[in-house]
1. Return yes when Leu554 is surrounded by fewer than 20 Cβ atoms within 10 Å (Cβ to Cβ), modelled with pLDDT of 95 or more and among the aliphatic types (A, V, I, L, M) and no when it is not.
2. Please identify the pairs in which a residue from the stretch 597-624 that is under 25 Å from Gln581 (Cβ atoms) has its Cβ atom under 7 Å from the Cβ atom of a residue that is at pLDDT below 60 and not charged (D, E, K, R), counting only partners at least 6 apart or on another chain.
3. Out of the strands (runs of 3 or more DSSP E) lying entirely within the stretch 406-489, which hold 2 or more residues that are open to solvent by less than 10 Å² (accessible area, probe 1.4 Å)?
4. From (1) closer than 30 Å to Pro589 by Cβ; (2) surrounded by fewer than 22 Cβ atoms within 10 Å (Cβ to Cβ); (3) in contact with a strand residue (DSSP E or B) (Cβ under 7 Å, 6 or more places away or on another chain), pick out the condition that doesn't hold for Pro526.
5. How many of the residues in the stretch 383-396 are open to solvent by less than 10 Å² (accessible area, probe 1.4 Å) and touching a helix residue (DSSP H, G or I) at 6+ places or on another chain (Cβ under 9 Å)?
6. Do you know which residues across the stretch 509-523 are open to solvent by 10 Å² or more (accessible area, probe 1.4 Å) and either within 17 Å of Leu551 (Cα to Cα) or at pLDDT below 95 (or both)?
7. So which residues in the stretch 306-327 are in a strand (DSSP E or B), under 31 Å from the mean Cα position of the chain (by Cα) and exposed (fewer than 14 other Cβ atoms within 10 Å of the Cβ), if there are any at all?
8. If you scan the stretch 506-525, which residues turn out to be within 19 Å of Asn407 (Cβ to Cβ) and under 19 Å from the mean Cα position of the chain (by Cα)?
Amino acid sequence: MRFPIQIQPLVAVAFATLASGGCIATAPEAPALSPEPASLRLLPRPQVLLASSGNTPDRMGDDADDDDKEKDYWEGVEFGPDDFAEVRHFVKAFYIDPGYDKHLAWLTAANFALHTMEPPREAVPEDWWRSKQAIAKERKRWEGQPDRLKKGDFFLVARIAKEVPDKPASALTPNQIRARKKEYRQRLAELDSAWTRVPFTESDFERVMEWIKAQPSDKPALRPSKFYIAAAQGYLGSLDPHSTIVSAKAWDETTRTTTDGSFEGIGAVLMRHGDDILVENPMEGQPAFKAGLRAGDVIVQVDDKVVSGMELQKVVKRIRGSKGSTVVLKVRRLGEPKDLTFPIMRDHIDVKNVQSRLLERHPDVGYIKVTGFVPSTRETVQQAVDTLKSQTKGGRLRGLVLDMRNNSGGLLQESVDMADDFLEEGVIVSVKNPSDRDEVFKAEPGSWTFPTVVLVNDGSASAAEIMASALQENQRALVVGDRTFGKASVQTLLNPLLRRDYYIKLTIARYYAPTGRTLQVTGVIPDITVPPLPGEQPPVGFREEDLHHHLSRLSGEYVSPNAALTKRVLACSKKTGIADQLVKTDPRPQVKPDYPLLKSADYLECVIEAADGVRGAAASPATP
């Protein structure tokens, strides 16, 4: 039985953002047994999902001493060889590429299972492993002598050394980050190439699994199910980064979190910079803001615990707690001779999937932020537009900034329906499946006509990219911000026959933008790129191309049809824009200015001016 079709990249996002957390995106090298769920609810009929980030919900209790314990969403799921066989049966029946690399699939399944051991192991080609022993940096990856499962094997099982973080002496520049990414990709490509010369079949996988089960362990939690779950995740992960198995508990919890991300805490956005935990922004009107925390404060201590060097998520867990309880933060602030102490009473922080307001300094201009495309998103946005209209002086919106930054996607139909609300006609998206007929979604008459700017970044993916490309390529909106994630594949959620406590998520199609190009790897390229602050370079984001074994890029270069409008808007904003001046006015504000949003509002004013000019010209009487 099929359930939601989904478009979702495997990005492990450490997101404490509105839940008092931070913004770090990394791809896990080892299998994540807490799954990579999409932010969608299962519906009684097939749905297409387009989701990008694999955010595992970070629920926290009040006991900070428990912060090393992660919730195991697979607990109680007895997953064995028969279940793994069923997963492979579904791959054969539904996967987009029936000719997938089975050698790679069996190998990756074995390595994911080996990674789950304590200590973790990995299978490596013997020749490749020996060639790396001459390189000190590579030798440090392993400890002890590797095991050979049987005489004649061309691969070894090596024990992975405890990871020592590679901490640079100072913050890396964007070019240094790009160089490290390139080095990482080159190493993976070299290893992949070495494996092509080493036979590895289903029987080799089975030998590895028997060897794993025969190893002594003082960790009773590492039951056989864990290894087969990891093997299934590895097998699917070899196909592409977005196919996986997902526990039902994690899926349902993530759906709830995306629909309503409210929590109990202090209301601050945190980020990690080197060993430091920084307050990126206190949320206006929330406890952190009221207590006096400022953007840029370095959190030194939470209650009596020093947090320098601590993982971001663990700091978040220590800060969050039940409403009415108090947490004491010690912070270091630029210009202050001593650390400052802030007792902060936690409260309920209300965070919804759709948030809206009228923008200051821009009369009758609306702002709507959409975090994910879950059931009822379109309806909620419609209600938000009606509410904004009612708050204007004349009962109509002059324009709208639609913020889809860090929108990891969701249900295809929700994004199509929402795009239709903005479009009077034209193609929204096409979905192409090799084993089925193509499906083309088109806009129908009856839409909003107010000028629109869409704000995106590298965290905008899948369904959000469909929305942005539909409005851009139909010349309905200007797209502003940073290049999006670049995921243009469609996944479906399948219900296995043997059990009902997990789902199989498989890539079954690709989607194409209105002009017929695919956004795979390329993403949506903004009409106007906006950095986080004036004069800064856009950050080196984490995108589809950073995921190993991602689907290939198909499209060539793309030129936006908004080129003429963009030129006019840029010239206009230089004369009338206020964003840069607002940022310069207060160089050390309590709340860090949202420069991309401020610039989007400037550009929108110019789009409105251009639209008014067109309407004025059309209304002018003809002269003989």
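1. Values: surrounded by fewer than 20 Cβ atoms within 10 Å (Cβ to Cβ): yes; modelled with pLDDT of 95 or more: no; among the aliphatic types (A, V, I, L, M): yes.
For Leu554, the condition - surrounded by fewer than 20 Cβ atoms within 10 Å (Cβ to Cβ), modelled with pLDDT of 95 or more and among the aliphatic types (A, V, I, L, M) - is not met.
2. Within 7 Å, no pair qualifies.
3. Working: elements: 409-411, 427-432, 439-442, 452-456, 478-481.
Counting at least 2 such residues, we get 409-411, 427-432, 452-456, 478-481.
4. All conditions are met except number (2).
5. Of the residues in the stretch 383-396, 1 are open to solvent by less than 10 Å² (accessible area, probe 1.4 Å) and touching a helix residue (DSSP H, G or I) at 6+ places or on another chain (Cβ under 9 Å).
6. Looking only at the stretch 509-523, we keep the residues that are open to solvent by 10 Å² or more (accessible area, probe 1.4 Å), and these are 510, 512, 514-517, 521-522.
Those that are open to solvent by 10 Å² or more (accessible area, probe 1.4 Å) and either within 17 Å of Leu551 (Cα to Cα) or at pLDDT below 95 (or both): Arg510, Tyr512, Thr515, Gly516, Arg517, Val521, Thr522.
7. Of the stretch 306-327, the ones in a strand (DSSP E or B) are 306, 326-327.
Still in the running and under 31 Å from the mean Cα position of the chain (by Cα): 306, 327.
The answer is Val306, and nothing else.
8. Tyr511, Leu519, Gln520, Val521, Thr522, Gly523, Val524, Ile525 - these are the residues of the stretch 506-525 that are within 19 Å of Asn407 (Cβ to Cβ) and under 19 Å from the mean Cα position of the chain (by Cα).
The values are calculated or read from the model by the stated rules, or taken from the named source; none is laboratory data. Note that the structure is a prediction, hence the values are computed from the model and not measured. Don't worry about glycine lacking a Cβ; one is built from the backbone with ideal geometry, like all the others, and counts go over all protein chains shown. Please note that ligands, DNA and RNA were not included when accessible areas were found on the heavy atoms of the full protein model with its side chains. Shrake-Rupley method; radii C 1.70, N 1.55, O 1.52, S 1.80 Å.
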